[in-house]
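This report concerns only the one structure given below.
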Amino acid sequence: MTSVQVDVKGRVAHLREQISRHDQLYYVRSSPELTDAEYDALIRELRAIEEEHPELVTPESPTQRVSGVPADGFDEVAHRLPMLSLGNAFDGEELVAWHSRVAEQLEVDQFDMLSELKFDGLAVSLTYENGVLTRGATRGNGLVGEDVTANLRTVRSIPLSLGSSEVPAILEVRGEVIFPKSKFEEFNRLREAQGLPTYVNPRNTASGSLRQLDPHMTAERPLDIFIYSVGYREGGSVPDNQRDSLEYLGELGFKVNEYNRIFSTVREVLDWYKRWRDEFHDLDYGCDGLVVKVNRFDYQRHLGDVGREPRWAIAYKFPAEQAVTVLRDVKFNVGRTGTINPYAVLEPVHVSGVTVKQATLHNEDYITSRDLRIGDRVVVERAGEVIPQVVRPLTELRTGVELGVTMPSSCPNCEQPVVRREGEAMSYCTNASCPAQLIRMIEHFVSRGAMDIEGLGVKQGGALISAGLLKDVADIYTLHEYRDGLVEMERMAEKSVSNLLAAIDTSKNQSLARVLVALGIPFVGGEVAGILARHFGTMKAMRQASVDELVVINGIGPKIAESVHSYFVQESNALVVDKLQLAGVNMVEESVQSSGGTSLVGLRFVVTGRLPNYSRSEIQDKIKDLGGAVSGSVSKRTDYVVAGEGGGSKLADAQELEVNVLSEDEFERLIELGRDLFEEER
């Protein structure tokens, strides 16, 4: 290597270091030291050298933030650790209840909590390998997201490389991409001046910007990010609590929000909430509440998760924004279970950054209890900042021309009779073959959280029903027999038909839990489906279960047990499941297929204390995977209590009721031998 080459490499390294430093000062710390012209001069010099010496270009170079080639689409990527969603508290009582549950499970009276602002943006994960950004992904469904690395590289507050030599070999961090309000307003003014349509709100624009196929489009939008946690890592070490980990992330060069506070009592959190409830509108970014987290990571591991929500954190939401508008009409649609669902047709009104034209009215009782009338001026809000609903009428503004709401006596789709069952709030279409029901059932069956069949939307489903090709959801798996006819249908070109049939074939391998979700059994969502699939292992065993056998499963109450049993004994449903099985749809839980693990079938466990090698959620999942059930309290029906350090009251209950208590090692031995041999060995 010549001295000239050495000098060029040295200059490139120096320029990159300086540009990265000034990116940090400007985009992360808001304390620039250079003018725009001085900064641009550094970028131009680096770009000129790299153009002359392309062998020196590296992915982490500041000139490589924007790639040159638009993508055809986004690949799916599995998160190494799930990106969990948060449970919500909407008032002080719910926050106090959460604190009490956590204190009871930790068996302490008091624990430190970190309060952070809850950003209204798009959650993402960033993965660094040896300090270099290698992947950025959206949250997606929490388990699988979309690879948007090229777009995230354009966000100037995201470092392309980390300066510290002590960073873990693999470090994944989580954060929220936002579109600052001031930048959003400026962006819209520019579009308006160019004669282009403006965008409605910063959050949706941030989300859409990250899903642009051309990174140049994303780069034109001044997105920002706040990093709020460490996810997966390999090697190295990180602090043992949330507050210190945020400081650590800031030291690595990430942008961390400054409004984080540590508290030891609920009263302090409530006071902090009251302050922000009155001031959050003044922030330059969307914020819809506080996130309250147990500060210590060992406590977090001990608490674990329930479903896809951590027990150790909760979102304490600010009150929903409300607006006043006119209730123009009440219309009705048909749900997949035949429910007749009323909804409000509203004079368009702006609520929480979105134009609302319709809102849910839930059921007949909701309408009558509020005395809603067509023509009323009504208060509207977006419940949980998502679903618009009518809160109440402003009766003092009535003029006397308002009209009462009458529930239909016949189905708005098939015109068959409507009935309201005793003890229920909903009215139902009595026609089991109602086309509207079938369309909604198909829409649910093919959705991402169920069988995940792309290319079969509401319009295609309606056309297939009209053509007589779909009489139930199982008929989806016979569509390959009508390939030529499908190609001739409107909106179904050769390629789209091929893609649809391939997606249908792939869906046969979905997990048993997803198949259960797809069936649309009332009260059976993802979490309940997982419990049932792990417990029974096969669809056959589940179909044969009685209500009594279902209700004893931890997490399955009487209402769910009755619903599941009623579904499978109904002849039309049994026929659909039989047809799915004949079509080759998977009917066996993966853990049963792969391991045959049934060593804990029929056994009921309680877990207490802190275990050396398991978090609470890990050991509970293991018990369920092997056919056992987990309860939150000790009773005479409990077979074993697995106890670690600080077992507390549950350990005392076990001793009083003479329930077998196991150490972690004994629990592992029970799994290895099975109950009979284990008890014999003891």
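Numbers for the structure displayed
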read-out	value
Rounded Å value of the spacing that divides the Cα centres of segment 294-310 and segment 408-476	39 Å
Contact order normalised by residue count of segment 364-434, Cα under 8 Å, 6+ apart, percent	25 percent
Where a label projected 7 Å from the Cα of L657 along Cα→Cβ would reach, residues of segment 83-125 with amide N under 18 Å	105
Hits among lysines - C-alpha to C-alpha of K317 under 17 Å, sequence gap 8 or more where chains match	K118, K274, K293
Label-point separation in nm, T360 to E55, each point 7 Å along Cα→Cβ	6.3 nm
Footprinting exposure proxy for R373, R191, R534 (fewest neighbouring C-beta atoms within 10 Å first)	R191, R373, R534
Answer label for log10 I(q)/I(0) by the Debye sum over Cα atoms at q = 0.05, 0.09, 0.12 Å⁻¹ (calculated), chosen among (i) -0.30, -1.02, -1.58; (ii) -0.29, -0.84, -1.24; (iii) -0.45, -0.83, -1.18	(i)
Bins of 10 Å, starting at 0 and running to the largest distance - Cα pair percent for segment 512-595	18, 58, 23, 1
Rg and Dmax [Cα atoms of segment 297-383; Å; Rg one decimal, Dmax integer]	18.4, 57
Within the chain, helix-based [θ] at 222 nm, where runs of 4 or more DSSP H residues each add -39,500 (n - 2.57), nearest 500	-11000 deg cm²/dmol
Local net charge near D665, Cβ-Cβ under 13 Å (Lys/Arg +1, Asp/Glu -1)	-3
Distance histogram in 5 Å bins (all Cα pairs of segment 88-317, percent per bin)	1, 6, 13, 17, 17, 17, 13, 9, 4, 2, 1, 0, 0
From phi via Karplus (6.51, -1.76, 1.60), per-residue ³J(HN,Hα) for segment 113-123 in Hz, x at Gly/Pro	10, 9, 9, 10, 6, 9, 6, 9, x, 10, 6
Dipole of the chain [Lys/Arg +1, Asp/Glu -1 at C-beta], most positive-end residue of N188, V379, N241	V379
Relative packing of 45-54, 240-249, which averages over residues the other C-beta atoms within 10 Å, highest first	240-249, 45-54
Partners for K636 among lysines (Cα-Cα distance below 29 Å; same-chain residues under 8 apart left out)	K559, K622, K624, K650
Segment 505-575-segment 322-389 distance, computed between alpha-carbon centres (Å)	33 Å
Environment charge of E52, counting only residues whose C-beta is closer than 14 Å and scoring Lys/Arg +1, Asp/Glu -1	-1
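Since every read-out is calculated from the coordinates, none of them should be taken as a lab result. Just so it is clear, the structure is predicted and the values come from calculations on it, not from any experiment. Note that we place each Cβ from the backbone using ideal geometry, even for glycine, and neighbour counts take in every protein chain shown.
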